[in-house]
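Worksheet: the structure to be examined is printed underneath.
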Amino acid sequence: MLQLPRPTPPKKPLVSLSESYEFCRHMTAEYAKTFYLGSLLLPKEKRKAIWAIYAWCRRTDELVDGVKSESTTPTTLEQWEQQLELLFAGHPVDDMDVALTDTVKNFSIDIQPFRDMIAGQRMDLDRNRYETFEELKLYCYRVAGTVGLITNPVWGIGNSNSTVPWESQQKLYEPREEAIALGIAMQLTNILRDVGEDAQRGRIYLPLEDLRLFDYTEEDLMKGVIDDRWRALMRFQIQRARQYYHQAEKGIRYLDSRLPVWAALMLYQGILDAIERNQYDVFTRRAFVSKREKILSLPVAWLRAQVL
Ligand SMILES: CC(C)=CCC/C(C)=C/CC/C(C)=C/CC/C(C)=C/[C@@H]1[C@@H](COP(=O)(O)OP(=O)(O)O)[C@]1(C)CC/C=C(\C)CC/C=C(\C)CCC=C(C)C
Ligand SMILES: Nc1ncnc2c1ncn2[C@@H]1O[C@H](COP(=O)(O)OP(=O)(O)OP(=O)(O)O)[C@@H](O)[C@H]1O
Ligand SMILES: [Mn+2]
């Protein structure tokens, strides 16, 4: 009898849907206090979707950034992309994919930004310097702007419970550029916070053209020199990141679930303030937002989600 080709069966049975979401929740809570806090501000179904997306993004990032990244090659990323295609075809390969398979189906999420994120990780394998801001911006879109596009259907557009039909009509604009802008702003913030740590690994994400503009050299950066040139360079970078936050802010009003996005934006932007408080020493001090500050900013985020 003719045998139809079937996808290779998984080596062992996969976990149940609820166990898979629990793994993703656990990973989010463990790795990212800020995003986990944000996710708790969502209704249950959306919250679970964010955990599943977070877990996939984190695993993708770990391939080039994590403890086992030494053994990652272009082939590893190709296999990861094939695993992604299978997941979108409804065939999860491992325990954590089970939840994401469910999420992308329930929220009709597009596969392309996921592929773009893998392309971003490929850039990390290929290079450790960026000549221009345009090149860095492409990297930031791929590793972080993509998260904005992936999560937009989860925040929701035009489903808020307005009683007047023309209001919901007006809200149907999907803020794609703004969602990407928030990812870029956060990635730029992450880069500024981690300058010292990245330099130790031989990586410079600050555009080399910007270093030249402020007469600051790669050698200075490797030595962690903090002087007027460095402070001016950092002020310039912080200002650029803030412009992206500003662009992102204008898109939040179109979303149904605005509170977690406002909260995440404000908390992450707070890292820039912390860098300033540390007088731009990103070499020996880690800029962070304290638990107290995080909790205090929630009422402000709530207010913005209501009125802006
Ligand atoms: C509540 C909320 C906003 C949840 C989003 C959670 C989510 C799915 C996050 C994925 C994060 C992730 C692991 C991305 C992989 C690449 C990467 C590591 C990017 C950097 C994040 C990591 O931050 P962290 O502090 O943990 O860094 P370390 O690894 O510890 O060094 C990034 C800095 C960027 C993450 C980008 C976003 C969360 C995109 C934000 C955009 C939106 C939520 C769109 C909102 C919509 C509009 C219209 C504004
Ligand atoms: N369980 C974990 N295993 C391995 N690395 C972890 C774990 N949790 C956090 N990390 C890493 O440790 C570092 C410190 O985490 P970080 O200061 O960013 O706090 P966080 O928990 O991610 O909170 P936030 O969301 O506010 O950034 C990061 O590089 C992060 O990726
Ligand atoms: Mn973190």
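For the range 176-222, which residues satisfy the criterion of being within 13 Å of ligand 2 (Cβ to nearest atom) and either hydroxyl-bearing (Ser, Thr, Tyr) or touching a Pro at 6+ places or on another chain (Cβ under 9 Å) (or both)?
Scanning the range 176-222 gives a single hit, 189.
Need pairs with beta-carbon distance below 8 Å; first residue assigned by TED's automatic domain parsing to the domain that holds residue 218 and under 15 Å from residue 279 (Cα atoms) and within the range 177-196, second more than 16 Å from ligand 2 (Cβ to nearest atom) and of a type in the set (A, V, I, L, M); sequence gap 6+ or separate chains.
Here the result reads 192/234; 192/238; 195/206; 195/221, each pair linking the range 177-196 to a residue that is more than 16 Å from ligand 2 (Cβ to nearest atom) and of a type in the set (A, V, I, L, M).
What tally of residues in the range 51-64 results from selecting those that are within 7 Å of ligand 1 (Cβ to nearest atom) and surrounded by fewer than 18 Cβ atoms within 10 Å (Cβ to Cβ)? Steps first, answer last, please.
Here is the first cut: in the range 51-64, the residues within 7 Å of ligand 1 (Cβ to nearest atom) are 53-54, 57-58, 60-61.
Okay, now just the ones that are also surrounded by fewer than 18 Cβ atoms within 10 Å (Cβ to Cβ), so none.
Number satisfying all stated conditions: 0.
Just one of (1) over 30 Å from residue 154 (Cα atoms); (2) not in a loop (DSSP other than H, G, I, E, B) trips up residue 253, so point out which.
Among (1) over 30 Å from residue 154 (Cα atoms); (2) not in a loop (DSSP other than H, G, I, E, B), residue 253 violates only (1).
Scan the range 174-191 for residues that are under 14 Å from the mean Cα position of the chain (by Cα) and within 6 Å of ligand 1 (Cβ to nearest atom) and jot them down.
Once the filter is applied, which keeps residues that are under 14 Å from the mean Cα position of the chain (by Cα) and within 6 Å of ligand 1 (Cβ to nearest atom), the range 174-191 yields 178, 179, 182, 183, 186, 187, 190.
Would you pick out the residues in the range 30-50 that are of a type in the set (A, V, I, L, M, F, W, C), in a helix (DSSP H, G or I), within 14 Å of ligand 2 (Cβ to nearest atom) and open to solvent by less than 30 Å² (accessible area, probe 1.4 Å)?
Initially, the range 30-50 is screened for residues of a type in the set (A, V, I, L, M, F, W, C), giving 32, 35, 37, 40-42, 49-50.
Next, from what is left, pick out any that are in a helix (DSSP H, G or I): 35, 37, 49-50.
Filter again for within 14 Å of ligand 2 (Cβ to nearest atom), leaving 35, 37, 50.
Within the range 30-50, just 50 meets the criteria.
Tell me the helices (runs of 4 or more DSSP H) entirely within the range 166-239 that contain at least 3 residues that are open to solvent by 70 Å² or more (accessible area, probe 1.4 Å).
On the way: elements: 176-193, 195-200, 208-213, 218-223.
Helices (runs of 4 or more DSSP H) meeting the threshold: 208-213, 218-223.
Of everything in the range 250-268, what is touching an Asp or Glu at 6+ places or on another chain (Cβ under 8 Å) and more than 16 Å from ligand 2 (Cβ to nearest atom)? Give them in sequence order.
250, 251, 252, 254
Looking only at the range 114-129, filter to residues that are open to solvent by 10 Å² or more (accessible area, probe 1.4 Å) and in contact with a helix residue (DSSP H, G or I) (Cβ under 8 Å, 6 or more places away or on another chain); which one of those is farthest from residue 46 (Cα to Cα)?
Of the range 114-129, the ones open to solvent by 10 Å² or more (accessible area, probe 1.4 Å) are 115-116, 119, 122-123, 125-129.
From what's left, in contact with a helix residue (DSSP H, G or I) (Cβ under 8 Å, 6 or more places away or on another chain): 115-116, 119, 122-123, 125, 129.
Working: 115: 22, 116: 23, 119: 27, 122: 30, 123: 31, 125: 33, 129: 37 Å.
Looking at the filtered set, the residue picked out is 129.
The values are calculated or read from the model by the stated rules, or taken from the named source; none is laboratory data. The shown structure was predicted, so the numbers you read here are calculated from the model rather than taken from an experiment. Here the Cβ is made from the backbone with ideal geometry for all residues, glycine too, and neighbour counts use every protein chain on show. Accessible surface is based on the protein model in full, side chains and every heavy atom, while ligands, DNA and RNA are left aside. Shrake-Rupley method; radii C 1.70, N 1.55, O 1.52, S 1.80 Å.
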